[in-house]
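The values are calculated or read from the model by the stated rules, or taken from the named source; none is laboratory data. Computed from a prediction, not measured in an experiment: that's the story for all the values here. Glycine gets a Cβ as well: all are built from the backbone with ideal geometry, and neighbour counts include every protein chain shown.
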Amino acid sequence: MLFLGFSLQTAEAGMIDKDGMAPWEICGMCHSLDGNSHMAKFPKLAGQKAAYIVQQFNAFHNGQRTNDGGQMQAISEEVQAQDLASIAEHFESQVAVEPPAPTGDIERYRQGKALYQQGRPGLAACVQCHNPSQARTPWLDAQHPAYLNKQLDDFRSGRRDAQSETPMPAIAKALSPEEQTAVTHYLSRTLLRHKPPD
């Protein structure tokens with residue numbers, strides 16, 4: 001299965017034998033069936049907002065998002081359009097695994113938490129957009145830190161969503177390297193999506 005995940009960039013439609021498979025099992029080859037992927041290359045989808053999953057799947061499928069080396073566009077050819085909603089709902093219904101406790105670098109954790117919840121002068125708090133009321137912005141918590149860092153790096157460089165209306169490129173550019181490390185450290189060690197707001 002892992003070999004398949006690495007070779008999807010050269011896959012063609014019809015290469016996967018889908019007989020007897022639930023639609024989300026194709027995605028589970030990389031993201032795990034319960035959405036708690038074990039490799040930072042593949043983001044965790046457990047508990048992720050269904051609308052966001054659909055949005056990003058379509059962006060990959062249509063070539064609007066390409067910062068993964070083409071793997072998602074290739075695998076999107078294996079998914080039937082009528083199955084997309086059920087796939088997204090499946091992963092949204094899964095429970096994200098509790099991340100490691102914030103032991104060790106407590107100051108970095110606290111700095112990241114402050115940036116996420118409060119921001120700073122010249123930088124809006126992440127939670128202003130990444131919250132339960134915004135269906136088309138993703139949950140960021142309990143995610144692989146390497147994946148979060150790559151996305152911020154890609155927003156900053158223009159490899160991701162350079163032509164869209166998202167504020168993320170500007171936000172990524174405003175973050176110092178220390179701040180980026182802090183906020184991804186915090187997010188990778190906290191679980192927010194299954195908890196009621198304070």
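Here is how the numbers come out for the structure above:
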{"item": "Test result for LEU33, in contact with a helix residue (DSSP H, G or I) (Cβ under 8 Å, 6 or more places away or on another chain), closer than 21 Å to GLN80 by Cβ and surrounded by 21 or more Cβ atoms within 10 Å (Cβ to Cβ)", "result": "no"}
{"item": "Residue in the stretch 181-195 that is assigned to a loop (DSSP other than H, G, I, E, B), among the hydrophobic types (A, V, I, L, M, F, W, C), without any contact (Cβ under 8 Å) to a residue 60 or more places away in the chain and surrounded by 18 or more Cβ atoms within 10 Å (Cβ to Cβ) present", "result": "yes"}
{"item": "Verdict on GLN111 being modelled with pLDDT of 95 or more, of a type outside the set (A, V, I, L, M) and closer than 26 Å to HIS31 by Cα", "result": "no"}
{"item": "Residue check for GLY104: more than 21 Å from GLY47 (Cβ to Cβ) and small (Gly, Ala, Ser)", "result": "yes"}
{"item": "Residue tally, condition closer than 22 Å to THR190 by Cβ and either over 11 Å from the mean Cα position of the chain (by Cα) or not in a helix (DSSP H, G or I) (or both), over the stretch 17-40", "result": "8"}
{"item": "TYR52 being assigned to a helix (DSSP H, G or I), over 14 Å from the mean Cα position of the chain (by Cα) and surrounded by 15 or more Cβ atoms within 10 Å (Cβ to Cβ)", "result": "no"}
{"item": "Per-region count, the stretch 36-47, residues surrounded by fewer than 20 Cβ atoms within 10 Å (Cβ to Cβ) and among the polar types (S, T, N, Q)", "result": "1"}
{"item": "Flag if ALA114 is hydrophobic (A, V, I, L, M, F, W, C), in contact with a Lys or Arg (Cβ under 9 Å, 6 or more places away or on another chain) and outside the structural domain of ASN58 (by TED's automatic domain parsing)", "result": "yes"}
{"item": "In the stretch 74-89, residue nearest to ASN131 (Cα to Cα) [restricted to those that are buried (at least 18 other Cβ atoms within 10 Å of the Cβ) and either modelled with pLDDT under 95 or within 16 Å of the chain's Cα centre (by Cα) (or both)]", "result": "ALA88"}
